Amino acid sequence: NSFIEKLGQGGYVSVYKGQLPDRQLVVVKLLDKGMGDEEDFINEIGSIGKTSHVNIDSLLGFCFDGNKRALIYEFMPNGSLDKFLRRDESHLDWNTLFRIAKGIARGLEYLHEHCNTRIVHFDIKPHNILLDEDFIPKISDFGLAKLCKRKESIVSVTGARGTAGYMAPEVFLKRLGGASHKSDVYSFGM
């Protein structure tokens, strides 16, 4: 719809609500021209494009044409988990929060143990957990994700990956042993 309904803005991404010809509501993440990292875009397509799980946001399509880059995802009517954790917004009851926590854990287990190639997300935080109409959580935003072989435990990363406050210490302090899928478990705990 000509990018009329803007849902939000990130560091180098604008997020819009749209509708496919079959009436399905979608979210279009449009990367700003000349900004962002092409590697992050390819990582997101490469990692999430290989997944299919109830607790992982579904990539429906993408555009990579010159400097035009966009990702198309299923629309999550309840938005991100972070808005329900702030004091000024509506709160969720403990049973719903428990179901959300279990769903996120199931999604991480799928990424770490059940994909053909292990996927380490590196940015598990409430902003990247989307909620559908039934408050089923979906892990989203795979721009920082890394793919690694199932038998490898340490993931090679250059520089810190993730959001301060949610990053596992070993991600930025190499002397602690190096980043791994356990780094996502730390972020989930935070």
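Six or more apart or on different chains, Cβ under 8 Å: which pairs go from a residue in region 63-78 that's touching a residue at least 60 places away in the same chain (Cβ under 8 Å) and aromatic (F, W, Y) to one that's open to solvent by less than 60 Å² (accessible area, probe 1.4 Å) and assigned to a loop (DSSP other than H, G, I, E, B)? Could you list them?
Y73/D57; Y73/S58; Y73/S140
Cβ-Cβ below 9 Å, separation at least six or inter-chain, first residue in region 91-120 and free of Cβ contacts under 8 Å to residues at least 40 places away in the same chain, second open to solvent by less than 40 Å² (accessible area, probe 1.4 Å) and part of a helix (DSSP H, G or I): which pairs?
H91/F84; T96/F84; L97/F84; I100/F84
When the residues of region 2-52 are narrowed to those that are on the phi > 0 side of the Ramachandran plot and touching a Phe, Trp or Tyr at 6+ places or on another chain (Cβ under 7 Å), which ends up most open to solvent (accessible area, probe 1.4 Å)?
Across region 2-52, the extreme among qualifying residues is F3.
List the pairs whose first member sits in region 43-57 and is basic (K, R), whose second member is open to solvent by 30 Å² or more (accessible area, probe 1.4 Å), and whose Cβ atoms are under 8 Å apart, counting only residues at least 6 apart or on separate chains?
Cβ pairs passing all conditions: K50/N116; K50/T117.
Of the conditions (1) at pLDDT below 80; (2) closer than 11 Å to D123 by Cα; (3) not acidic (D, E), S183 clears all except one; give me its number.
The single condition S183 does not satisfy is (1).
From the residues in region 73-116 that are over 26 Å from L59 (Cβ atoms) and acidic (D, E), which one is surrounded by the most Cβ atoms within 10 Å (Cβ to Cβ)?
E89
Can you work out which of the residues in region 139-165 that are at pLDDT below 80, open to solvent by 20 Å² or more (accessible area, probe 1.4 Å) and among the aliphatic types (A, V, I, L, M) is nearest to F122 (Cα to Cα)?
Top of the filtered list is A160.
May I ask you to verify whether N55 is closer than 12 Å to G143 by Cβ, in contact with a Lys or Arg (Cβ under 9 Å, 6 or more places away or on another chain) and either among the small types (G, A, S) or surrounded by 16 or more Cβ atoms within 10 Å (Cβ to Cβ) (or both)?
On the way: closer than 12 Å to G143 by Cβ: no; in contact with a Lys or Arg (Cβ under 9 Å, 6 or more places away or on another chain): yes; either among the small types (G, A, S) or surrounded by 16 or more Cβ atoms within 10 Å (Cβ to Cβ) (or both): yes.
No.
Looking at region 117-133, which of its residues are within 16 Å of S58 (Cα to Cα) and either among the aromatic types (F, W, Y) or assigned to a loop (DSSP other than H, G, I, E, B) (or both)? Outline the logic, then answer.
Going through region 117-133, the residues within 16 Å of S58 (Cα to Cα) turn out to be 119, 121, 128-133.
Selection gives H121, D132, E133.
Could you list, in sequence order, the residues of region 121-152 that are among the β-branched types (V, I, T) and free of Cβ contacts under 8 Å to residues at least 40 places away in the same chain?
none
The values are calculated or read from the model by the stated rules, or taken from the named source; none is laboratory data. None of these values were measured; they are calculated from a predicted model. Don't worry about glycine lacking a Cβ; one is built from the backbone with ideal geometry, like all the others, and counts go over all protein chains shown. We work out accessible area using only protein heavy atoms, side chains counted, and drop any ligands, DNA or RNA first. Shrake-Rupley method; radii C 1.70, N 1.55, O 1.52, S 1.80 Å.
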